[in-house]
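To start, the structure under review is shown below, and the notes come after it.
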């Protein structure tokens, strides 16, 4: 699933071609086509922003488009008449403006609503502080992570709860906890305040590094150390870049189990 850094790079890539331009055509397709998408035609796009794992396109008539890419969705930009790199049948949303065509492929979530409804939106209204926001509120993120209903969660599960901290996913969860030498299976109640602050700050630092201008598309958390871009994610069975122990992997969570990668020696955990 694309994480917050991917959405911020996507927004940055679309912004110069969409913001300030008037929509000349709009259409949707696939399951759950957006009702009344034609309402945005003739209106100017005033903002393209990332919020957690959501991409928001705002218009001058106070309408707002939200897409959530989940596992397989992606945004593409084309010149008018340019051949698309994916079949048109996979296009969930197409926006045409003078000089550019923006296409969202395979996204399971595409919706149009009035901007004033954002605070009441079942997903957006409950999001925690965005790790990549310029005004990131660490104190609020800590307060939410320490909420009583998260005290019995494992740390790796709590970090993925977008209601506490928006933008982090499986990659940054695994990489951050490896860097900080903390087990993803530690109970939240057992993680001291200083450690949790370090984890939140490191997650933000790693993500900010991957949205910096001029960075390559490849996500890097190691700084190139050890000859690869990532420390543990996707490296099950391969030697730890610190100690040589084979990296372990397992599904974590109950409602929607997610992949977690860690070093049993550097971090401890059930495989130690």
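Quick note: the coordinates plus some simple rules give every number you see, no bench work behind them. Here the structure is a predicted model, which is why all the values come from computation and not from measurement.
Any idea what angle helix 193-209 forms with the longest principal axis of the chain, computed on alpha-carbon atoms, 0 to 90 degrees, nearest 10?
That works out to roughly 40 degrees.
Size of the range 101-164 along its principal axes in angstrom, Cα-based, largest extent first?
On the principal axes, the range 101-164 reaches 44, 26, 23 Å in Cα extent.
Return the whole-Å distance between the Cα centroid of the range 79-115 and the Cα centroid of the range 233-272.
The distance from the Cα centre of the range 79-115 to that of the range 233-272 comes to 37 Å.
Measure of size requested: the Rg and Dmax of the range 138-267, with Cα atoms as the atom set and Å as the unit; please supply both.
14.3, 41
Specify the inter-centroid distance of the range 185-219 and the range 142-156, based on alpha-carbon positions, in whole Å.
Here the two parts' Cα centres lie 16 Å apart.
So what's the back-of-envelope 222 nm ellipticity for the chain, counting only DSSP H runs of four-plus at -39500 (n - 2.57) apiece and dividing by all residues, rounded to 500? Present the calculation step by step, with values, prior to reporting the outcome.
Details: 6 runs with 58 residues, N = 272.
After summing the helix terms and dividing by residue count, I get -6000 deg cm²/dmol.
Cα convex hull of the range 171-233: mean projected area in nm², to one decimal?
On the way: hull surface 17.9 nm².
The directionally averaged projection comes out at 4.5 nm².
At 1.567 mPa s and 4 °C, plugging the Kirkwood radius over alpha-carbon pairs of the range 142-189 into Stokes-Einstein gives what diffusion coefficient in µm²/s?
It comes out at roughly 121 µm²/s.
Output the 0 to 90 degree angle, nearest 10, between the alpha-carbon long axis of helix 4-18 and the longest principal axis computed from the alpha carbons of the chain.
20 degrees
Which whole number in µm²/s is D for the range 4-126 by Stokes-Einstein, with the Kirkwood Rh taken over Cα pairs at 37 °C and 0.692 mPa s?
Values: Rh = 14.3 Å.
Estimated via Stokes-Einstein, D reaches 229 µm²/s.
Which angle between 0 and 90 degrees, to the nearest 10, do you get for helix 170-179 versus the longest principal axis of the chain when only C-alpha atoms count?
Helix 170-179 and the main axis of the chain meet at about 40 degrees.
I need the P(r) histogram for the chain: all alpha carbon pairs, bin width 10 Å from 0 out to the longest distance, whole percents.
7, 28, 31, 21, 11, 2, 0
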